[in-house]
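S.K.: Sharing a structure, written as structure tokens. Questions coming.
The values are calculated or read from the model by the stated rules, or taken from the named source; none is laboratory data. This one's a predicted model, so the numbers in the text were calculated from it and none came from an experiment. Positions of Cβ are generated from backbone atoms using ideal geometry, with glycine treated the same way; all protein chains shown enter the neighbour counts. Accessible surface is based on the protein model in full, side chains and every heavy atom, while ligands, DNA and RNA are left aside. Shrake-Rupley method; radii C 1.70, N 1.55, O 1.52, S 1.80 Å.
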Amino acid sequence: MRKSLVLGVILLWGEVLAQSQSKLSVHWEELTAADFRSAIQQSQGTCLLPFGILEKHGPHLPLGTDLLNVRYVSLHAAEQEYAVVFPEYYFGQIFEAMHEPGTVAYSAPLQIGLLQETTDEMARNGCKKIIIVNGHGGNEHLLPFFAQSQLERQHDYVVYIFDQRVPSSGGPPQKTSIDMHAGESETSKVMISRPDLVHMERANNESGADQHRQNLPEGLYTGIWWYARFPNHYSGDGSAATHELGEFQMNWWIDTIVKVICAVKADQESLQLQNEFYEKAKRPLATQP
Ligand SMILES: [Zn+2]
């Protein structure tokens, strides 16, 4: 009796040990070279590039808020639906916050060049399906432009952009109507990803109100629009944040990324269509309707 119990414990322990040894990290930088090969196989060549930034986030949140939040959800999603997650990446568009301390704003050509070389290098290492998970609102024009630029020359991989950070409906009712940057939603999310970095008592030290300092008709765009409306690089009221709202939004974000990873793994059309397009683009006169 006792012998079989001991044997059972040993067998169970062996199983646990084997499992812990075979479970691959989702972090690119934590894998050994040999395990990286297995990781690419297990992920079916699907990799995540969580994209953050370094910029002021109101008077109460850390400079790396977007990076911290987007990595939190990307890593949790990849744990559920296996994908390899690229290390910290924060080389995006943030010229509009250059007047604030701690902002790191790379030049426009470097942003595009570095992103292209990064995805090229990821693909050379087997990431044939790259999902850029955007954590920063200021990248909203850069990333679709980057995706479109992939048609310029032939690539043997597909770039997918996922650029949603808040659900369009549901969840606990919100108290504020303006909530674009370091406000109710974003502050609530940091309360989940890094609660130790939220300085809630400072959330009202500055105004995050819309200052309406530009009078132009709708449809007319300028790069200074954000500074005109939110010169403190704060839009909303972080003091309205709650743990409950953060939990709802973060869980929604993670679940949605899991669905995105599944859809990308199942996608057989995009690369095939890209290849067809590149071939035709070499001989446009031969293209028939
Ligand atoms: Zn942010």
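S.K.: Please go through the range 177-208 and pick out each residue that is in a helix (DSSP H, G or I) and of a type outside the set (A, V, I, L, M, F, W, C).
M.R.: GLU184, SER185, GLU186, THR187, SER188, LYS189, SER193, PRO195, ASP196, GLU201, ARG202
S.K.: Going through the range 134-159 one residue at a time, which ones are open to solvent by 40 Å² or more (accessible area, probe 1.4 Å) and either without any contact (Cβ under 8 Å) to a residue 12 or more places away in the chain or not polar (S, T, N, Q) (or both)?
M.R.: Within the range 134-159, GLU140, HIS141, PRO144, PHE145, GLN148, LEU151, GLU152, ARG153, ASP156 qualify.
S.K.: Is it the case, given these coordinates, that ALA182 is modelled with pLDDT of 95 or more and crowded, with 16+ Cβ neighbours inside 10 Å? Walk me through it before giving the result.
M.R.: On the way: modelled with pLDDT of 95 or more: yes; crowded, with 16+ Cβ neighbours inside 10 Å: yes.
Against the criterion (modelled with pLDDT of 95 or more and crowded, with 16+ Cβ neighbours inside 10 Å), ALA182 qualifies.
Yes or no, residue by residue, for (1) of a type in the set (D, E, K, R); (2) open to solvent by less than 20 Å² (accessible area, probe 1.4 Å); (3) within 16 Å of the ligand (Cβ to nearest atom):
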residue	(1), (2), (3)
LEU31	no, no, no
ALA39	no, yes, no
THR46	no, yes, no
LEU61	no, yes, yes
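S.K.: Mind listing just one residue for me: the one in the range 209-232 that is among the aromatic types (Phe, Trp, Tyr) and part of a helix (DSSP H, G or I) and, of those, farthest from PHE95 (Cα to Cα)?
M.R.: Here is the first cut: in the range 209-232, the ones among the aromatic types (Phe, Trp, Tyr) are 221, 225-227, 230.
Going one step further and asking which of them are part of a helix (DSSP H, G or I), we end up with 225-227.
Values: TRP225: 12, TRP226: 11, TYR227: 10 Å.
Applying the filter and picking the extreme gives TRP225.
S.K.: I've got another one for you. Conditions: (1) within 16 Å of the ligand (Cβ to nearest atom); (2) assigned to a loop (DSSP other than H, G, I, E, B). GLU152 meets all but one. Number of the miss?
M.R.: (1)
S.K.: For the range 193-223, which positions are under 23 Å from GLU140 (Cβ atoms) and either free of Cβ contacts under 8 Å to residues at least 12 places away in the same chain or surrounded by 14 or more Cβ atoms within 10 Å (Cβ to Cβ) (or both)?
M.R.: Within the range 193-223, SER193, GLY208, ALA209, ASP210, LEU216, PRO217, GLU218, GLY219, LEU220, TYR221, THR222 meet the criteria.
S.K.: Another question, then. Whether any residue in the range 81-89 is within 16 Å of the ligand (Cβ to nearest atom) and either open to solvent by less than 30 Å² (accessible area, probe 1.4 Å) or part of a helix (DSSP H, G or I) (or both) is what I want to check.
M.R.: yes
S.K.: Considering the range 241-283 alone, what residues qualify as being open to solvent by 90 Å² or more (accessible area, probe 1.4 Å) and without any contact (Cβ under 8 Å) to a residue 12 or more places away in the chain?
M.R.: Across the range 241-283, the qualifying residues are LYS259, GLN268, GLU269, GLN272, LEU273, GLU276, LYS280, LYS282, ARG283.
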